[in-house]
Amino acid sequence: MKDMMIPLKKLGSYAIAYWVVAVVVTQTAYAALPIQHWMQPSGVAVYLVESPAIPMVDVQVDFDAGSRRDPADKAGLASVMAGMTAKGVKGVGAAALDENALSEAWADLGASFGASASSDRMSFSLRSLTYLDLLPKAVALAARQMGEPAFPSDVWERERARMSASIREANTRPATLAGKAFAAAVYGDHPYGYDTTEATLARISVADMQALHARLLAPCRARVSVVGAVTRAQADALVTALFARLAANVDTCATLPAVPEVAALTQAVDQRIAFDSAQAHVLIGQPGYRRSDPDFFALTVGNYILGGGGFVSRLTEEVREKRGLSYSVYSYFAPGLHAGAFTLGLQTRPDQVEQAVKVSRDVLASFVAQGPTAKELKAAKDNLIGGFALRIDSNRKLLDNVANIAWNRLALDYLDTWTQQVERVSLTDIRAAFARKLQPEKMVTVVVGGAPAAATPATAGATK
């Protein structure tokens, strides 16, 4: 890293300029770069890709502290805690910073740091220039924010009121109602289906956040991905400094309780929810598969043909092009540590719902039974392989891929072999994989829309 002195007030503009350069420079060679992996004495697993083209580094820290660890009656706790880490840090060996001072400190550094929580993991992301008079300060501030958040109670009361208002507003939209009904029917009582409500937010306290932080955010539970202009030695020192304010407590490294698997559906579910809207929202699906499933590539390629390829998908051809039932129709799998949902979605006029649902179900059933054609498979492979470079054409995208490898414990040459894995998928592979994973006769169908007088009541929920 080159040691340069830059006025702090100019760092923000420099950071933006470097980011633009990173995006426009094609980095297809990254796929051939080795991913270095090692374990620190504290138990932190580190994954590094050296990218010296620009003086910048991106870091992502992942913990097994996503919403699947939320108590059922306090759904939203992980997301709340992640968001509250930006609302101030304690004064331990340095002056305390409230949310405004913390935000200004990041602006002065021309760097960024934030946290979020998904179903499986809680993630912290740092982006900074790598100049020697800057990077250590950014890492030190990130260490404070991740390790010693203040969780101010008055700010939480304000945030809770804001979030509750947002939930009330979202619940006036048909898309929100459809998503909630679909998740409840597909996941049942599995944490993937938990719904953050005003009631669950009301039960979350600062003490709950502090307890979650102390229990789950331990170095031994962390997987850290680093992409940028740092060597292995520099990355190791960076990660050590980043975790300096998180205690390595043996008690916090005990095996976490197992989260049960998503139960398979045993019968079809059809829910019709009245809503006076110009468009009806339709969701069809079921539990899908885990990310570790060996059928991953066959299902990825197959779904591109079915509904993941946009205007070139079979669903688009049958639902939109031939019949004009919807502007957009799509399908996707959402694999995680557990079986994330397979979802087929569209919007249509309320008077076309029955036809749109029937055509979509017929296309899905035909695809599961017969699979794609040879022509469809070749076109899908050409598109996926030809577009692979766009998956890694910036440090941020490359970081996402490295973090995916780290979190799911994939082979370190995963990016090098990705196109080969896609090319290897056969028609037989897709037919067999879809037959194993999807049961069109047992899927959830949720329709939200249409005038109340024309709506039918929701049928009974799925038997799990």
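Residues that are more than 21 Å from the chain's Cα centre (by Cα) and among the aromatic types (F, W, Y) within the stretch 254-312 comprise F275, F311, listed in sequence order.
Number of residues in the stretch 340-366 that are within 19 Å of Y192 (Cα to Cα) and either out of contact with any strand residue (DSSP E or B) (no Cβ under 6 Å at 6 or more places or on another chain) or hydroxyl-bearing (S, T, Y) (or both): the value is 1.
On inspection, L337 passes the criterion of being out of contact with any strand residue (DSSP E or B) (no Cβ under 9 Å at 6 or more places or on another chain), in a loop (DSSP other than H, G, I, E, B) and either closer than 21 Å to R361 by Cβ or not acidic (D, E) (or both).
Yes or no: the stretch 233-243 includes at least one residue that is within 19 Å of A138 (Cβ to Cβ) and among the acidic types (D, E). Yes, the stretch 233-243 contains a residue that is within 19 Å of A138 (Cβ to Cβ) and among the acidic types (D, E).
Scanning the stretch 318-334 for residues that are surrounded by 15 or more Cβ atoms within 10 Å (Cβ to Cβ) and part of a helix (DSSP H, G or I) returns E318, V319, R320.
Of the residues making up the stretch 66-124, those that are touching an Asp or Glu at 6+ places or on another chain (Cβ under 8 Å), in a loop (DSSP other than H, G, I, E, B) and either modelled with pLDDT of 95 or more or of a type in the set (G, A, S) (or both) are G66, A75, G76, A86, K87, K90, D120, R121.
Tell me yes or no: at least one residue of the stretch 367-388 is touching a strand residue (DSSP E or B) at 6+ places or on another chain (Cβ under 6 Å), touching a residue at least 12 places away in the same chain (Cβ under 8 Å), in the same structural domain as A278 (by TED's automatic domain parsing) and not small (G, A, S).
So far as the stretch 367-388 goes, no, none of its residues is touching a strand residue (DSSP E or B) at 6+ places or on another chain (Cβ under 6 Å), touching a residue at least 12 places away in the same chain (Cβ under 8 Å), in the same structural domain as A278 (by TED's automatic domain parsing) and not small (G, A, S).
Note on the stretch 37-54: residues that are of a type in the set (S, T, N, Q), in contact with a strand residue (DSSP E or B) (Cβ under 9 Å, 6 or more places away or on another chain) and closer than 12 Å to F243 by Cα amount to 1. If you filter the stretch 164-184 down to residues that are in contact with a Gly (Cβ under 8 Å, 6 or more places away or on another chain) and within 21 Å of G66 (Cα to Cα), you find that the one that is surrounded by the fewest Cβ atoms within 10 Å (Cβ to Cβ) is A184. One residue stands out among those in the stretch 46-56 that are part of a strand (DSSP E or B) and touching a helix residue (DSSP H, G or I) at 6+ places or on another chain (Cβ under 7 Å): the one that is farthest from V226 (Cα to Cα), which is M56.
The values are calculated or read from the model by the stated rules, or taken from the named source; none is laboratory data. Bear in mind that the values here come from a model prediction, so they are computed numbers and not experimental data. Quick reminder, even Gly has a Cβ in these numbers, built from the backbone with ideal geometry, and neighbours come from all protein chains shown.
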